[in-house]
1. Name the residue that is surrounded by the most Cβ atoms within 10 Å (Cβ to Cβ), counting only residues in the stretch 142-152 that are on the phi < 0 side of the Ramachandran plot and in a loop (DSSP other than H, G, I, E, B).
2. Going residue by residue through the stretch 227-236, is there one that turns out to be over 17 Å from the mean Cα position of the chain (by Cα), under 30 Å from residue 91 (Cβ atoms), assigned to a loop (DSSP other than H, G, I, E, B) and not assigned by TED's automatic domain parsing to the domain that holds residue 37?
3. Which ones in the stretch 154-201 are within 20 Å of residue 86 (Cβ to Cβ), at pLDDT 95 or above, over 17 Å from the mean Cα position of the chain (by Cα) and part of a loop (DSSP other than H, G, I, E, B)?
4. Name the residues in the stretch 47-73 that are under 22 Å from residue 140 (Cβ atoms) and crowded, with 20+ Cβ neighbours inside 10 Å, would you?
5. Are any residues in the stretch 317-327 buried (at least 19 other Cβ atoms within 10 Å of the Cβ) and either not in a helix (DSSP H, G or I) or not assigned by TED's automatic domain parsing to the domain that holds residue 359 (or both), and if so, which ones?
6. Confirm whether residue 299 is assigned to a loop (DSSP other than H, G, I, E, B), touching a residue at least 40 places away in the same chain (Cβ under 8 Å) and either closer than 23 Å to residue 236 by Cα or within 29 Å of the chain's Cα centre (by Cα) (or both).
7. Name, by its number, the condition in (1) part of a helix (DSSP H, G or I); (2) modelled with pLDDT of 95 or more; (3) more than 27 Å from residue 224 (Cβ to Cβ) that does not hold for residue 11.
8. Checking residue 202 against (1) outside the structural domain of residue 27 (by TED's automatic domain parsing); (2) in contact with a strand residue (DSSP E or B) (Cβ under 8 Å, 6 or more places away or on another chain): exactly one of these is not met. Which one?
């Protein structure tokens, strides 16, 4: 007769199984283990990415390149890694919102609480339990430290990096938040995951801005997630139309992956989309001042880009809407204190007004504009 892990005496159960049991009890959907002793092939790919300038304004990637070269470059005492995953599968098709041009599309991961806070609390709880049970030292990571978590997850067997460079799981498809615990414990590693994309290139073909120069390569400077979140200034004109109504991030390459047929809706309620962020009206979002923005996006990842950058994105979406009825929202923001917002408002008006009307507006407003970037928008 086979004895289940839950029925076996604890002293007969290996540490790895106990860690997995505790991870599940804390709400994680996946727990895999790997060692961190061998070479780290991802380091060379990252160095090429940075050398080509594909990281854009994310200067911290170049500054921490050496520390990212492998987990032990960041913490020499590390011997093993526990990779945790939390499913955030959406309840419906995340691309459906793209056809509703008067609404804003917010990436699935950002429609409720910030996953960093949620996962970090659970990682710390698991870490405390591991130290009490097995001893050793450890450090926890959720996306914000110089640790390449996707290659680590692939090495641990949590999934594989697809042609779009994102992690794909046979069980959860594209929708998996990752967290990691590096520990001085010598734990038995799980087998790495092989690549199961076959000849499929749906993710590459779906990208609205052609951000993939080749399979398994990303140019962040062309990626809508980078453009709407990381880029601080005006989004280059060549990409604005391709944004459509995406106002924070982009799910296209994730959503089209065939492996999502095995994915399930997230069971963690704190990751379920808030009703007001599923399909927010562009008119409502364009009217957000700083206090209202902060109130709407309390505990949300969106809050970190600030009101001005967010409203910039909203105005590009308004310009792409094809709805002249939205022009008054853009016109009101021509007098916004932020040059970034004013410039985006100019572009939106240029898309929504008849040519003669826009020319008349430019003649009236351009002489009073003092910001060089906004003047450039008027003259483009």
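1. Within the stretch 142-152, the match that is surrounded by the most Cβ atoms within 10 Å (Cβ to Cβ) is 147.
2. Here is the first cut: in the stretch 227-236, the residues over 17 Å from the mean Cα position of the chain (by Cα) are 233-236.
Applying the additional criterion that residues be under 30 Å from residue 91 (Cβ atoms) yields 235.
Then drop every residue that is not assigned to a loop (DSSP other than H, G, I, E, B), which leaves 235.
Filter again for not assigned by TED's automatic domain parsing to the domain that holds residue 37, leaving 235.
So far as the stretch 227-236 goes, yes, one or more of its residues are over 17 Å from the mean Cα position of the chain (by Cα), under 30 Å from residue 91 (Cβ atoms), assigned to a loop (DSSP other than H, G, I, E, B) and not assigned by TED's automatic domain parsing to the domain that holds residue 37.
3. 157, 158, 159, 190, listed by residue number.
4. 68, 70, 71
5. 321
6. Yes, satisfied.
7. With respect to (1) part of a helix (DSSP H, G or I); (2) modelled with pLDDT of 95 or more; (3) more than 27 Å from residue 224 (Cβ to Cβ), residue 11 is out only on (2).
8. (2)
The values are calculated or read from the model by the stated rules, or taken from the named source; none is laboratory data. Fair warning: this is a prediction, and the values are worked out from it, not measured in the lab. Neighbour counts are summed over all protein chains in view; Cβ atoms, including those assigned to glycine, are modelled from backbone coordinates with ideal geometry.
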